[in-house]
1. Where residues in segment 37-75 are open to solvent by 30 Å² or more (accessible area, probe 1.4 Å), of a type in the set (A, V, I, L, M, F, W, C) and over 19 Å from the mean Cα position of the chain (by Cα), which of them is modelled with the lowest pLDDT?
2. Could you please give the count of residues in segment 17-29 that are more than 15 Å from the chain's Cα centre (by Cα) and crowded, with 18+ Cβ neighbours inside 10 Å?
3. Please go through (1) polar (S, T, N, Q); (2) loosely packed, with under 14 Cβ neighbours inside 10 Å; (3) more than 21 Å from Leu226 (Cβ to Cβ) for Ser125 and return the number of the only condition it doesn't satisfy.
4. Look at Leu186 and say whether it is touching a strand residue (DSSP E or B) at 6+ places or on another chain (Cβ under 8 Å) and either among the aliphatic types (A, V, I, L, M) or surrounded by 17 or more Cβ atoms within 10 Å (Cβ to Cβ) (or both).
5. Looking for whichever is acidic (Asp, Glu) and in contact (Cβ under 8 Å) with a residue 60 or more places away in the chain here; the options are Asp202, Asp163. Which one fits?
6. Pick out the one residue from Phe167, Phe224 that is surrounded by fewer than 21 Cβ atoms within 10 Å (Cβ to Cβ), among the aromatic types (Phe, Trp, Tyr) and more than 26 Å from Glu36 (Cα to Cα).
7. Going through segment 109-121 one residue at a time, which ones are loosely packed, with under 15 Cβ neighbours inside 10 Å and either among the β-branched types (Val, Ile, Thr) or assigned to a loop (DSSP other than H, G, I, E, B) (or both)?
8. Considering only segment 204-222, how many residues are aromatic (Phe, Trp, Tyr) and within 14 Å of Lys193 (Cβ to Cβ)?
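The values are calculated or read from the model by the stated rules, or taken from the named source; none is laboratory data. All figures in this text were calculated on a predicted structure; none of them were measured in a lab. Every residue, glycine as well, gets a Cβ built from its backbone with ideal geometry; the counts of neighbours run over all protein chains shown. Calculation scope for accessible area: heavy atoms of the full protein, side chains included, ligands and nucleic acids excluded. Shrake-Rupley method; radii C 1.70, N 1.55, O 1.52, S 1.80 Å.
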Amino acid sequence: MVRENNEDALLLKEPCLFAVADGMGGAAAGEVASHEALRTFGAAAEGLFEEGAETPEAILKKAVGKANDHIFALASANADYQGMGTTLTALYLKGDGTACAAHIGDSRLYLCRDGALSQITHDHSYVANLIEKQEITDSEAMTHPKRNLLLKAVGVGKPVEPDITTFAVEKGDLILLCTDGLSDMLTDDEMEKALNGRGIEDAADALLERALENGGRDNVTFIFILAEEGVLSE
């Protein structure tokens with residue numbers, strides 16, 4: 001509702017690899033950062049689909065590292081791209097009843113199980129640290145003047161250390177990956193209410209409509225993954 005350009009990007013390699021990214025930087029740099037990061041990440045993550053000795057966690061970590069190096073190199077070589085970077089939050093369904101997340105920045109991964117929504121990732125942001133220290137509340141964070149200040153991002157320095165999290169996935173779980181264009185516009189309670197009692201398409205429409213009604217200050221990108229038998233086991 002505010003921005004004219006889209007600095008978000010997403011990656012879909014169904015049925016098991018998904019990612020979102022939210023770029024930052026002047027002019028078109030944010031758009032370049034998010035798209036180039038996911039392009040590089042996706043290519044480097046191809047090892048997930050090949051027989052090999054490395055674990056999915058190791059492959060995802062290396063793929064984020066390659067994306068980071070690529071964005072950093074682009075920013076270093078082009079004055080128009082200096083200072084650009086991006087969030088990156090990825091999900092890999094391992095096919096054994098577990099999933100692995102790789103995460104940097106303040107895009108998010110949520111798990112909705114039996115109607116209860118929980119955030120799996122931890123925001124690498126200034127306000128998230130204030131919340132953790134109990135210096136501000138969740139609602140105060142949504143309007144804090146430094147709510148967009150990231151403490152960690154892809155492409156702004158070398159090396160980078162993503163959070164790697166492995167968690168159980170059960171049949172019927174709904175997994176949500178989103179940029180802060182969604183999570184900054186709705187509280188977790190509002191998102192949970194939008195998900196409950198609706199089918200997946202209606203829930204997606206409800207989330208988008210509510211984010212725009214609340215101001216739509218940023219690009220809104222999100223992916224739903226419904227855990228069914230086909231994605232839980234090979």
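1. Ala53
2. 2
3. (2) is the only condition that Ser125 fails.
4. Spelling it out, it is not the case that Leu186 is touching a strand residue (DSSP E or B) at 6+ places or on another chain (Cβ under 8 Å) and either among the aliphatic types (A, V, I, L, M) or surrounded by 17 or more Cβ atoms within 10 Å (Cβ to Cβ) (or both).
5. Only one candidate passes the filter, namely Asp163.
6. Going through Phe167, Phe224 in turn, just one is surrounded by fewer than 21 Cβ atoms within 10 Å (Cβ to Cβ), among the aromatic types (Phe, Trp, Tyr) and more than 26 Å from Glu36 (Cα to Cα): Phe167.
7. Asp114, Gly115
8. 0
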